[in-house]
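The values are calculated or read from the model by the stated rules, or taken from the named source; none is laboratory data. None of the values given here were measured: they were computed from a predicted structure. So basically every Cβ, Gly included, is an ideal-geometry build from the backbone, and we count neighbours across all protein chains shown. What goes into the accessible areas is simple: the full protein's heavy atoms, side chains included, and nothing from ligands, DNA or RNA. Shrake-Rupley method; radii C 1.70, N 1.55, O 1.52, S 1.80 Å.
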Amino acid sequence: MNADLDLRKLRYFVAVAEELNFGRAAEVLMIAQPVLSRQIRAFESELGVRLFVRDTRGTELTDEGRLLYEEADALLASAAAVRRRVATAARGESEFTVGFMPGLMITTAVRAFQRVHPDVTVQVMRTSWDDQVRVLHDGRADVSYLRRPFEAAGLTTELLFSEPRVVMLPTDHELAAASGVTMADIADEHLLQDPAAVPEWAGIAAEMRRRRGPGRSPSRTVEEKLELVAVGSGIAILPLSTARFYRRADVTFVPVSDLPPTDVLLGWERSRRSRLIEAFIATARDAEHDLGEN
């Protein structure tokens, strides 16, 4: 491999890898299909490997193609992050963005940071299970408050605090008035979230045994989950702070005694060197310490 990695061709490769169809990928990229095919062939030549196999059954990734696809998101996100930071610097702006998962209150840390850095414009960004890490890699956020589980590759993290998890139930549920439940008590219920977000669910839930393997529920916002809980479509397992933040009259929450606490961490890109990131980490640490004492 003598040539540098061409990011434009890498984007073309990702489009084909996602669609597994050159025609559809060309439409997504808004270029002609013959142009896309030539670019992919040139990319394969530069890398010295074959990325796709095309036959009468369709288009498939080779082993080398699958490896590149696994790495491509991080490469493209890093390039996008650099572009964003350079553009911000070129405008002469000093901006700092903090991501946070639903239910987390970051006001104390943000205000303390602003007092010490009045020349910095602080933005906040609500994230989700799907993008809480991605916003760090692609540069949309400088730091982000994270909830497990998440992919920690390329990140540095610091534990801020741990908190109990609770089950969200409709107020007319037979367990709604209980002081606490176990996982066995709710094993027959339908979970309204991706089981990967509650790994302990997989080993005990009746619906997981019926599926004979882990399934994936559609990604939903907290608000959507609670609407479905309220009408009796299933349950959701949430951190205590999230349950309190989204308190409503037709839904209640009950502690789950045999679920371990869930962690909240502050994360940032391991490769970043920034005085503002270091300053915010210290501020967030102090803010959580003060809250813990009160």
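Summary of computed values
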read-out: Inter-label distance for residue 105 and residue 71, nm, one decimal - labels placed 7 Å from Cα along Cα-to-Cβ; value: 4.6 nm
read-out: Per residue, in Å², the accessible surface of the chain once ligands and nucleic acids are set aside, probe 1.4 Å; value: 54 Å²
read-out: Total formal charge among the other residues, if their Cβ is under 12 angstrom from that of residue 165, Lys/Arg +1 and Asp/Glu -1; value: -2
read-out: Size of electric dipole in the chain: Cβ of Lys, Arg +1 and of Asp, Glu -1, about Cα centre, debye, nearest 20; value: 780 debye
read-out: Chain lengthening between residue 42 and residue 286 when straightened (0.36 nm per residue, less Cα-Cα); value: 82.5 nm
read-out: Cα Rg, Dmax, the stretch 232-294, angstrom units; value: 16.9, 49
read-out: Under 15 Å, Cβ to Cβ, from residue 231 - net charge with Lys/Arg +1 and Asp/Glu -1; value: -3
read-out: Charge dipole (the stretch 1-143, unit charges on Cβ, about Cα centre) - positive-most of 104, 25, 77; value: 104
read-out: Value at 222 nm in deg cm²/dmol, rounded to 500, when DSSP H runs of n ≥ 4 in the chain each add -39,500 (n - 2.57); value: -12500 deg cm²/dmol
read-out: Value of Rg to Rh for the chain (Rh from inverse mean 1/r over Cα pairs, i.e. Kirkwood); value: 1.04
read-out: Cα point-scatterer Debye curve for the stretch 130-251, base-10 log of I(q)/I(0) at q = 0.11, 0.15, 0.22 Å⁻¹; value: -0.43, -0.78, -1.38
read-out: GNM flexibility winner over the chain from 120, 133, 98 (Cα, springs under 10 Å); value: 120
read-out: Using distinct alpha-carbon pairs, which all enter the 1/r mean, Kirkwood radius of the stretch 35-163 in Å; value: 17.8 Å
read-out: Theoretical FRET efficiency, 1/(1+(r/R0)^6), r = Cβ-Cβ of residue 130 and residue 30, R0 25 Å, to 0.05; value: 0.50
read-out: Share of carbon and sulfur in the accessible heavy-atom surface of the chain [1.4 Å probe, %]; value: 50 percent
